[in-house]
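Structure first, commentary second.
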Protein chains: 2
Amino acid sequence: MPKVTIYDVAKRAGVSAATVSKVLNGTGRISPETSQRIRAAIEELRYRPNLIASALKKHQTFSVGLLVPDITNPFYAALARAVEDQALAHNYAVLICSTDNIAEREEKQLELFLRQRLDGLIVATSEAMGQEFFNTLHQSQVRVVFIDRVIPNVPYPVIATDHYLGSYLATEHLIELGHREIAIFLEPLTLRSSLERLRGFAKALEAHQIKFDDHLVFSEGFGVEAGYELAQRMLAQKGPQELPTAIFAATDQLAIGALQYFHEKGINVPDQISLIGYDDIQMAKMVSPPLTTVAQPITELGHQAFEVLLGTQALSATTTLLPPRVIIRSSTAAPLPQS
Amino acid sequence: MPKVTIYDVAKRAGVSAATVSKVLNGTGRISPETSQRIRAAIEELRYRPNLIASALKKHQTFSVGLLVPDITNPFYAALARAVEDQALAHNYAVLICSTDNIAEREEKQLELFLRQRLDGLIVATSEAMGQEFFNTLHQSQVRVVFIDRVIPNVPYPVIATDHYLGSYLATEHLIELGHREIAIFLEPLTLRSSLERLRGFAKALEAHQIKFDDHLVFSEGFGVEAGYELAQRMLAQKGPQELPTAIFAATDQLAIGALQYFHEKGINVPDQISLIGYDDIQMAKMVSPPLTTVAQPITELGHQAFEVLLGTQALSATTTLLPPRVIIRSSTAAPLPQS
DNA sequence: TTGAAAGCGATACCAG
DNA sequence: CTGGTATCGCTTTCAA
């Protein structure tokens, strides 16, 4: 059972390989009869074009690479899924790599991707990428689009969620519910995304004449654990009496950690304290109470990234910000009347 | 800035392309000096071998494909991660595709993968795969290993978790805690994996002389919602008095759904009822109380799959079952003394 | 409408 | 130890 090539098909159909290639690609004009015969031969031989050979000639691999910090993170998994779907629809394959935001891994994988001569690269990874990474990118001439993180001075298209707006909306949701004492939980402020969220938060307060209080900003660590600790710290700093009436957790994981702590302490959400998250990870709707949160338009992000990447436009430094959306569930409510 | 090829390097180093190829691949013997010169040229020109061309010649793409039902499912994301890591360590790329267990998608993607001439395929998808899929697989001669699902009569290696054993261990954990009335929540019994879990459960009961009670088997639907509904149904069928003292939920999602329902009903876990899950998804440790569960050796699965796939062994119909492990957290405890 | 032939960029055999 | 050359499987002029 040797591999069947385009020549086998050609022979079978009594034509030349060139002609077969033409019907395969829909290029050139072929008479309906020959075309039929060729299609038949393809079927009979179960011929499968060798994309490797085709890629070598056409300089097109029908593959894109996706660099994410960690595919295990639900957000990136969802992003990957969106890219995948779009890719499959266009008969493209997606190569995925988790980099853990480790420069070394990023560079190694980038190197591999470049050797594979991918048609494009979607980068959804660290803002701490080494200069090395950009140099390589630049001199390699691959098509690249950055996604999810707004990185300043990137000479490529950036597609991201408008976290400033998202935070603004989240905060405003709380304010409209009647909250005036609102704490914010954030991941480290070294992250641009954290800063953006803080900015949106502050702006919303300002817009509603609520004064911004430094003591209500809690930031440290990542993930659920951090949320738990931040809640703990908040409780320790303020007596249960002077607790804010609401918290804006800048990630759902933070929110879930806090929620867990409140559970343990018998603090009812949303009766005693409202809690709004950010990201709308799958878990958000599974916790109890289901978390009000801000959903990023993940699918949109993935789709757009793919489309821009494979579009005919020259890729330039443009930033596209997609609007997030507040998803109201049950962890936010009006504050209790002053007791 | 035209692409630099092996010929450019050769010219620059004053040798032939053949020689460059040799140092690139470590084949043949080259004098240290020429080797040095060539390496220098590679550096200076920032030459990146074209894997496409190489693959065409060598019939080796350094890429493997991974077919999963949904990368968005934490279990498969973890699996993908394990494969990725192993791949990166071997300088392989991983193409990932979520099929949603839809035969059409599976076949389309398989077709794409075959055209890409991948070195191997890891299939972690539906047991309901069409015959078509297998036919294609078989006549295409790709190396394939199945992972996670034990599919009968597959002429390829299967690497999976021993769910029979896992369920046995989970159930035994409950029994050793002192439980005698144990319910089991399952996904539909049309799934082989559900059947296996039920079998392990029954066997553990039997081993401890506990009689198996049909009325304590609840099965329907998938995911958190199903867990919630199953718990609801159980409560409806049995008064709060005659509730079993423990539940073995055959997936964490089921367990989490149940947990949520119990929260709402004010039923304390584990004081009133113990709950053990299965899978050890990330969420398991984040819920409250953190879920005792059975962890699949996901990383091991992924690693082994990759190694077997790229090993030199001819691939035959062998099934490797890896042992799962009970992770004891806080959702299980001894039953309350009879009140 | 069809086909001959020249590559795409690398590898491998075999000669020197 | 090094290099010429055929070749991997397909695409693409260009001529017929």
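Interface size, chains A and B: roughly 5400 Å² of accessible area buried, both sides included, 1.4 Å probe, rounded to the nearest 100.
Averaging Cα coordinates gives a centre for segment A:100-166 and one for segment B:124-167; these two points are 36 Å apart.
Is segment A:163-295 best put as rounded, prolate or oblate by its Cα gyration tensor, with a ≥ b ≥ c the root eigenvalues, rounded for a/c under 1.5, and otherwise prolate when a/b is larger than b/c, oblate when not? Show your work: numbers first, answer last.
Numbers: a/c = 1.30, a/b = 1.15, b/c = 1.13.
Here segment A:163-295 falls in the rounded category.
What value in Å³ per residue do you get for the convex hull of the alpha-carbon atoms in the protein assembly as shown? Expressed per residue, the convex hull around the Cα atoms of the protein assembly as shown is 193 Å³. Among the residues of segment A:1-20, which ones have their accessible area go down by 10 Å² or more when all the protein chains sit together, as opposed to their chain alone (1.4 Å probe)? The answer is A:MET1, A:LYS3 - residues whose exposure falls by at least 10 Å² when every protein chain is included. Legend: residues B:ASP279, A:ASP252, sorted from most to least accessible area (1.4 Å probe; ligands, DNA and RNA excluded), read B:ASP279, A:ASP252.
Solvent-accessible area per residue in segment A:98-148 equals 36 Å², computed with a 1.4 angstrom probe and all protein chains kept. Computed with a 1.4 Å probe over protein heavy atoms only, the accessible surface of segment A:1-76 comes to 56 Å² per residue. Amide H contacts under 5 Å for A:THR161: A:ASP148, A:LEU322, restricted to partners 5 or more places along the chain or on a different chain, H placed in the peptide plane at 1.01 Å from N. Taking the C-alpha atoms only, the angle from helix A:252-265 to the longest principal axis of chain A is near 40 degrees. Taking the protein heavy atoms of the protein assembly as shown in the context of the full set of protein chains, the accessible area attributed to carbon and sulfur is 51 percent at 1.4 Å.
How would segment B:134-181 be classified by its alpha-carbon gyration tensor: rounded, prolate or oblate, with rounded meaning a/c under 1.5 and the a/b versus b/c comparison settling the rest? Since a/c reaches 1.5 and a/b is larger than b/c, the shape of segment B:134-181 is classed as prolate. If a/c stays under 1.5 just call it rounded; otherwise compare a/b with b/c (prolate if a/b is bigger, oblate if not). Do that for segment B:6-58, with a ≥ b ≥ c from the square roots of the Cα gyration tensor eigenvalues. Because a/c hits 1.5 or more and a/b fails to exceed b/c, segment B:6-58 counts as oblate. For chain B, which span is the longest to avoid every loop-located (per DSSP) member of trypsin sites (Lys or Arg not before Pro) having at most 15 other Cβ atoms inside 10 Å? Looking at chain B, B:47-179 is the longest stretch - no exposed trypsin sites (Lys or Arg not before Pro) with at most 15 other Cβ atoms within 10 Å.
Inter-chain Cβ neighbour count for A:275-284, averaged per residue, equals 2 (cutoff 10 Å, partner chain atoms only).
Distances over 24 Å make up what percent of all Cα-Cα pairs in segment B:95-222? Roughly 42 percent, rounded to a whole number. With R₀ fixed at 51 Å, the C-beta to C-beta distance from B:ARG233 to B:THR312 puts the FRET efficiency at about 0.45.
Multiplying each eigenvalue of the alpha-carbon gyration tensor of chain A by 5 and taking the square root yields semi-axes of 52, 20, 17 Å, largest first, rounded to whole angstroms.
Segment B:230-292 and segment A:13-75 have Cα centres separated by 52 Å.
From its DSSP helices (H runs of at least four residues, each -39,500 (n - 2.57)), the protein assembly as shown gives a residue-normalised ellipticity at 222 nm of -14000 deg cm²/dmol. Helix B:131-140 and the longest principal axis of the C-alpha atoms of chain B enclose an angle of approximately 30°.
In segment B:39-71, the residues that give up 30 Å² or more of accessible area when the other protein chains are added, compared with the chain on its own (1.4 Å probe), are B:ARG46, B:ARG48, B:PRO49, B:ASN50, B:LEU51, B:ILE52, B:LEU56, B:ILE71. Across peptide A:111-117, the average count of Cβ atoms from other chains found within 10 Å of a residue's Cβ is 6.
The values are calculated or read from the model by the stated rules, or taken from the named source; none is laboratory data. Since this is a predicted model, take the numbers as computed values, not measurements. FYI the Cβ positions are ideal-geometry reconstructions off the backbone, even for glycines, and counts take in every protein chain you see. Protein only, heavy atoms only, side chains kept; ligands, DNA and RNA dropped before computing areas. Shrake-Rupley method; radii C 1.70, N 1.55, O 1.52, S 1.80 Å.
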